[in-house]
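Below: the structure, in structure tokens.
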Amino acid sequence: MHTAPLISTIPLAAGQGLSLRLRRGDRLWLSQGCLQVRPPAQWLGERCWQPSATWVEGHQQQIDDAGEWQWQALTAVTLRLERRPTPWTQLAAALAGLRVRWPGRPARVPSPPGT
């Protein structure tokens with residue numbers, strides 16, 4: 001069973017920062033403004049390296065590097081975050097749709113209307 005992704009809109013004022021833990025497969029879309037982005041730090045040889053990029057209005061990104069992402073708003077920003085459902089959420093949705101009938105017990109018959 002497929003469950004719908006969770007979509008949230010995050011407004012940031014100019015100069016405001018944000019740090020979020022993202023999972024692989026989440027999607028980001030910058031619908032307004034300009035933003036400086038830092039993906040999770042990575043090891044390059046024996047050094048810790050954290051690249052930086054500038055996103056402008058309309059930029060979209062699917063997250064490949066899970067971890068702590070950091071943003072700094074260069075102007076007023078509206079960021080949309082689409083989180084993919086976790087395996088536990090998908091399992092709970094699938095189990096919610098199941099109807100279990102124990103062997104040896106008759107199926108429950110609804111009462112006629114008006115009784």
So, first residue β-branched (Val, Ile, Thr) in region 33-49, second residue at pLDDT 85 or above and surrounded by 10 or more Cβ atoms within 10 Å (Cβ to Cβ), Cβ within less than 8 Å, six or more apart or across chains; the pairs are Val37/Ser52; Val37/Ala53; Val37/Thr54; Val37/Trp55; Val37/Trp69; Val37/Gln70; Val37/Trp71
Residue pairs within 7 Å by beta carbon, gap of at least six or interchain, first lying in region 7-29 and in contact (Cβ under 8 Å) with a residue 40 or more places away in the chain and under 11 Å from Val77 (Cα atoms), second hydroxyl-bearing (Ser, Thr, Tyr) and not in a strand (DSSP E or B), listed first then second, are Ala14/Thr75
If you go through Ala107, Ala93, Ala66, the only one that is surrounded by fewer than 16 Cβ atoms within 10 Å (Cβ to Cβ), within 19 Å of the chain's Cα centre (by Cα) and at pLDDT below 80 is Ala93
When (1) farther than 30 Å from Ala96 by Cα; (2) modelled with pLDDT under 85 are applied to Pro5, the one that fails is (1)
Within region 1-57, the residues that are closer than 27 Å to Pro85 by Cα and of a type in the set (Asp, Glu) are Asp26, Glu57
- prompt: Is one or more of the residues making up region 34-55 within 30 Å of Leu95 (Cβ to Cβ), touching a strand residue (DSSP E or B) at 6+ places or on another chain (Cβ under 7 Å), polar (S, T, N, Q) and part of a strand (DSSP E or B)?
  reply: no
Only one of (1) surrounded by 11 or more Cβ atoms within 10 Å (Cβ to Cβ); (2) at pLDDT below 90 does not apply to Asp26, and that is (2)
Residue hits (region 74-90; at pLDDT 80 or above and of a type in the set (Val, Ile, Thr)) are Thr75, Val77, Thr78
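The values are calculated or read from the model by the stated rules, or taken from the named source; none is laboratory data. Keep in mind it's a predicted model, so treat the numbers as computed, not measured. For neighbour counting, all protein chains shown are included, and Cβ atoms are generated from backbone atoms with ideal geometry for every residue, glycine included.
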